[in-house]
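Here is the structure we will look at.
The values are calculated or read from the model by the stated rules, or taken from the named source; none is laboratory data. Computed from a predicted model, the values in this text were never measured in an experiment. Note that each Cβ is placed from the backbone with ideal geometry, even for glycine, and that neighbours are counted across all protein chains shown.
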Amino acid sequence: MEVLEGLKDVVVCESEISRIVIENGEAVLEYRGYNIHDLAKYSTYEEVAYLLLYGELPSKSELELFSEELKERRELPPQVIGLLSNLSPFSHPMVALRTSVSYLGTLDKYIHHIDEEKSLEKAKNLIAKLPTIVAYFHRIRTGQKLIHPNEELSHAENFLYMLHGEIPSEVEARALDVDLILHADHELNASTFAARVAASTLADMYACVVAATGTLMGPLHGGASQKVMEMLREVAVPWRAESYVKEKLERGERIMGFGHRVYKNVVDPRTIELKILAKKLAELKDPRWYKISEAIEEAVRKYKGLLPNVDFYSASVYANLGIPDDMFICIFALGRIAGWTAHIIEQYKDNTLIRPRAKYVGPVRRKYIPIEERG
Ligand code: ACO
């Protein structure tokens, strides 16, 4: 039995959703065959969510209908608002999010239906409601009154509006919109794999999304962006970045927001777009976070030869959108929900139970000793 630690480079399924390929030393990321740079430039999150779920870019009328469907689904059932009000204000927002997703499952009488039609309904419901859960929980935990969804606003605009109580500027809304596009899918990352493992048992979609949210939370995956922000605050000024990085590496510690399982020695294409967004926001708002980030990037490249990943520049983007540090992972989930649900539906369609093997390395053939004789 050969052990493939961490399933590195193991291909476990076929998928038509996203493709990562390294061509001539350059990484290309496509959703359903469309390059991420084109989507970031021309598309909206609603359009990309449609693309991921249905496999094709929508026509104008299809997009209008889809966007309307999302808008109609944004409000939360009173039971979920009650749940959010009863959670401890110290709960991590990501825990509030996954608890609410599970609770939504109790309110769906078709919870166990996994046919495509019902699954798409559930997916649209989750894509629409996740931002409201995150914004409402934040308003509740900070003792502020709820700001209900505004149907005049796009998906990204409406989230920032529900969170801050003010309609965001065009630049802020577009920055979040592009960020959500960039986070919408990424092949078999750990959280999507967790969702597919759950789906492969034919578990309900809420169970699969709870598995994904739990997996996203760790600092080696989506949790890294919160840690990046802790680091930016600790470094505090760009000139301290070099010594901070050097000392941390000398202690054998990891620098959060650097390194990637798939992009080894190649630039993560999402990072290129996120760096542009972070720079644009820095010019309009607080330039500190971007400047410190640039200095850290340079130092990590110099001392370890590692490149930033998607979580690195996300941190300065979120900070300049006024998003609290502990909500950074939630923003990742607001984007990734489109990819998770698309993968769950794909898994249901052509399912094989995902059940790998482990090589047993513990003791064998031991003689059982009755408890009275164990001493
Ligand atoms: N800081 C310092 N050293 C690092 C880092 C880092 N961020 N990342 C990798 N390395 C080093 C490892 O120590 C190892 O060095 P060694 O060969 O001398 O022992 C080498 O690079 C390879 O690292 P692995 O952990 O084997 O690579 P793997 O593919 O398993 O891990 C991971 C990828 C988990 C992302 C890793 O790079 C990491 O821990 N990064 C920091 C956390 C992070 O930013 N996570 C977000 C990832 S992106 C995402 O999920 C959205």
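Identify, please: which residue in region 62-112 is assigned to a helix (DSSP H, G or I), more than 22 Å from the chain's Cα centre (by Cα) and of a type in the set (A, V, I, L, M) and is, among those, surrounded by the fewest Cβ atoms within 10 Å (Cβ to Cβ)?
Filtering first and then ranking leaves 65.
Does residue 293 meet the test of being modelled with pLDDT of 95 or more, within 16 Å of the ligand (Cβ to nearest atom), closer than 27 Å to residue 167 by Cα and surrounded by 24 or more Cβ atoms within 10 Å (Cβ to Cβ)?
Judged against the criteria, residue 293 is not a match.
Residues 184, 194, 173, 190: which one is within 16 Å of the ligand (Cβ to nearest atom) and without any contact (Cβ under 8 Å) to a residue 24 or more places away in the chain?
The conditions single out 194.
Does any residue in region 303-317 that is outside any helix (DSSP H, G or I) come within less than 7 Å, Cβ to Cβ, of a residue that is within 10 Å of the ligand (Cβ to nearest atom) and among the hydrophobic types (A, V, I, L, M, F, W, C) six or more places away or on a different chain, and which pairs are these?
306/258; 306/300; 307/258; 308/258; 309/258
Failed condition for residue 299, given (1) hydrophobic (A, V, I, L, M, F, W, C); (2) outside the structural domain of residue 43 (by TED's automatic domain parsing); (3) part of a helix (DSSP H, G or I); (4) more than 12 Å from the ligand (Cβ to nearest atom), with all others met?
Result: residue 299 passes all but (4).
Which of the residues belonging to region 143-164 are touching a residue at least 24 places away in the same chain (Cβ under 8 Å) and more than 15 Å from residue 47 (Cα to Cα)? Give the steps one after another, and end with the answer.
Going through region 143-164, the residues touching a residue at least 24 places away in the same chain (Cβ under 8 Å) turn out to be 146, 148-149, 151, 154-156, 158-160, 162-164.
Of everything in region 143-164, those that are touching a residue at least 24 places away in the same chain (Cβ under 8 Å) and more than 15 Å from residue 47 (Cα to Cα) turn out to be 146, 148, 149, 151, 158, 159, 160, 162, 163, 164.
If a residue must be assigned to a helix (DSSP H, G or I) and surrounded by 14 or more Cβ atoms within 10 Å (Cβ to Cβ), how many such residues does region 14-61 contain?
Summing the residues that are assigned to a helix (DSSP H, G or I) and surrounded by 14 or more Cβ atoms within 10 Å (Cβ to Cβ) in region 14-61 gives 14.
Go through region 212-225 and report how many residues are away from the ligand (no atom under 11 Å from the Cβ) and touching a Phe, Trp or Tyr at 6+ places or on another chain (Cβ under 9 Å).
Counting residues in region 212-225 that are away from the ligand (no atom under 11 Å from the Cβ) and touching a Phe, Trp or Tyr at 6+ places or on another chain (Cβ under 9 Å) gives 2.
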